[in-house]
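Here's the structure, in structure tokens; my notes come after.
Just so you know, all these numbers are worked out from the coordinates, no wet-lab data involved. Computed from a prediction, not measured in an experiment: that's the story for all the values here. Cβ coordinates were reconstructed from backbone atoms using ideal geometry, including for glycine residues, and neighbour counts include every protein chain displayed.
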Amino acid sequence: MSRFVAIANQKGGVGKTTTTINLAASLARLGHRILVLDMDPQGNSSSGLGIQGNHSKKGVYEVLLGQIAFDEAVCPSVFPGIDVLPSGQKLSGAEVELVSFLEREKILSNALLLVRERYDFIFADCPPSLGLLTINTLTAADSVLIPIQSEYYALEGLTQLLNTIQLVQRSLNRELEIEGILLTMFDARLNLSQQVADEARKFFEGRVYDTYIPRNVRLSEAPSFGIPAIQYDEESSGSRSYLALADEFLSRRQKAESETGQAPVETLSEDEGRSRLSEAVAHQPTPLPVSTPKPPEGVPPPARPSEGEAEVENENSGSPSPAGEEIQTNHVQPTKEEVVNHE
Ligand SMILES: Nc1ncnc2c1ncn2[C@@H]1O[C@H](COP(=O)(O)OP(=O)(O)OP(=O)(O)O)[C@@H](O)[C@H]1O
Ligand SMILES: [Mg+2]
């Protein structure tokens, strides 16, 4: 049974795209069939998976406007097991153009009806807004995964997102659930990150993933090569965290499905997954449309860390401290000590 997860937060730069790409890749590595829907006109999850959506004539925009069928627009990514429905700047026009459509909030849902079951998981990378593109995604999705940056003002604006989710639940998609809350760019050395984690755990009771994503430069370098971080540097702390998140994501899903009596999605061992993927690659009818961006001229690709080399970023990944009761503030202020340390 396929599961459609919207990755959403109207706040910009919180790690929606990084999470879409790397959670998708980590699950594909385990043998799951994945579709990434790039619902953001910035096209970052398309380019981060080796597809230059801006130059593509076929993508989310054309599918939403009913100009072409899903099959004409979907393409394999650089990462085996992941298909992408790409997007580009044209998609920003869709927000306006779709307004006059009948049942405009359900266009994506209708467009995906016949293809959903081809995939185990569909991840939609939402834009940093709560406009029609996000509403369409929430209307089509089974659940929403919310990345929260472990920073000042992290929780500010979440009320607005939760209100939108409630609105969609009431009027367009009763089944919409909160899949989980993911702490991103976490720095275990800062009290601030810890405080954001505590606030999030109080507010979202049991829905915050134990796995958090540390700040890690490999995660920000990988997109410029058009590949997921787990392909770029599998041993980096960022990659390892997303692989751990995939495990936790699956075990939470299995638990939820056993509680509701749904058939769990089949999970392969890593070896089985790899061999199924290499089979899939061997049977690709056409070469992968790799349009991996090259690093700017004169800039050598960043060196991979040699064995034992310490990363500058926080290497920890795991579970910050547990929950309390009710959210107190919209944002967490740094301690005096942190302010001093950062000056
Ligand atoms: N854990 C991390 N460590 C270091 N850099 C990160 C991490 N997660 C994301 N980044 C970087 O932070 C920036 C914002 O991340 P990303 O693009 O994933 O956020 P977003 O929520 O999709 O942004 P937008 O709202 O603009 O779509 C990017 O440059 C990305 O490479
Ligand atoms: Mg993004």
How big is the C-alpha Rg of the stretch 31-151 next to the rule-of-thumb value 2.2 N^0.38 Å, as a ratio?
-> 0.99
So the FRET efficiency between GLU103 and LEU65, C-beta based with R0 = 22 Å and rounded to 0.05, is 0.95
Kirkwood hydrodynamic radius of the stretch 3-283, Cα pairs, Å = 18.8 Å
Obtain the nm distance between the two label points defined at ARG118 and GLU234 by a simple spin-label model: each point lies 7 Å from its Cα along the Cα-to-C-beta direction.
-> 2.7 nm
Could you work out the relative contact order of the stretch 3-283, using alpha carbon pairs under 8 angstrom and six or more residues apart, expressed as a whole percent?
-> 26 percent
In the stretch 105-199, the GluC sites (Glu not before Pro) that fall in loop regions by DSSP, at most 13 other Cβ within 10 Å | GLU156, GLU175
Do you know the relative contact order of the stretch 1-155, to the nearest whole percent, from alpha carbon pairs under 8 angstrom that are 6+ apart?
-> 41 percent
